[in-house]
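Student: A single structure is presented below for examination.
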Amino acid sequence: MGHERVLVVDDEAIVTEVVERYLVREGYNVTVAGDGETALKLAREVGPDLIVLDLMLPKLDGLEVCRQLRSESSVPIIMLTAKGEESDKILGLGLGADDYLAKPFSPRELAARVKAVLRRTRVAPAQALAGDLLKAGALRINPRSRAVERDGEAVHLTAKEFDLLYFLAKNAGQVFSREQLLDNVWDYEWYGDASTVTVHIRRLREKVEPNPMRPRYVKTVWGIGYKFEA
């Protein structure tokens, strides 16, 4: 592992101190921000490999920070929230967060999530060098450049959206449960929340399907899970 840069954004000093200490011990370079405006400024200056982003922030809240970051970057984002409300989670994931952790959480669990998300974004391009361009209908999926085109137009996916699409597409025709997708694409079997998969599938369809309401590629197999149809 290199010294990946992690930006931790939270207005509670006790949280950032504990998280920073733990992540530094795990070998990461850590930068801390206490509000949304500082977070955006540092994200642009530091170019972090991953951002841990609290939902409730002064000046700009986490959702707005996430929205702005996503308009200019596909940096992985793990969202923190003190609220266990499903709506906040779905909203955060819908805006492009890659993962989600409810407070209170253990620093060990957060470090495991950070490691899993970074490993997936770091390893996927290297693994993909052995892979070839995948073609399905109007879609072109290039594992080397991690680029996706539909009808010749670039489709902008977050790192996790690409991982999910590529995994399904290279296993076209095979049906996977949400738990299997969590295990294969998110790299953790514990604390797995299947709604994470549901939201990512929905976002993916909005970007790659000609008609998201009647998917051509990413199909739902009722009662089981999802499959990719080439």
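The values are calculated or read from the model by the stated rules, or taken from the named source; none is laboratory data. Note that the structure is a prediction, hence the values are computed from the model and not measured. Cβ placement follows ideal geometry from the backbone for every residue including glycine, while neighbour counts extend to all protein chains displayed.
Student: So in segment 211-230, with the set limited to residues that are without any contact (Cβ under 8 Å) to a residue 40 or more places away in the chain and in a strand (DSSP E or B), which one is surrounded by the fewest Cβ atoms within 10 Å (Cβ to Cβ)?
Tutor: Filtering segment 211-230 for residues without any contact (Cβ under 8 Å) to a residue 40 or more places away in the chain gives 211-215, 219-220, 222-223.
Checking which are in a strand (DSSP E or B) leaves us with 219-220.
Details: LYS219: 16, THR220: 14.
Ranking the qualifying residues of segment 211-230, first place goes to THR220.
A quick yes/no check of all residues on (1) among the acidic types (Asp, Glu); (2) within 9 Å of ASP10 (Cα to Cα):
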| site | (1), (2) |
| --- | --- |
| ASN29 | no, no |
| VAL32 | no, yes |
| GLY36 | no, yes |
| LEU40 | no, no |
| GLU45 | yes, no |
| ILE51 | no, no |
| LEU69 | no, no |
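Student: So, one more: On the basis of being at pLDDT 85 or above and surrounded by 15 or more Cβ atoms within 10 Å (Cβ to Cβ), does LEU118 make the cut? Lay out the reasoning, then the answer.
Tutor: On the way: at pLDDT 85 or above: no; surrounded by 15 or more Cβ atoms within 10 Å (Cβ to Cβ): yes.
Here the answer is no, as LEU118 does not meet what is asked.
For (1) at pLDDT 90 or above; (2) within 27 Å of LEU69 (Cα to Cα), each residue gets a yes or a no:
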residue	(1), (2)
GLY137	no, no
ASN142	no, yes
PHE167	yes, yes
ASN184	no, yes
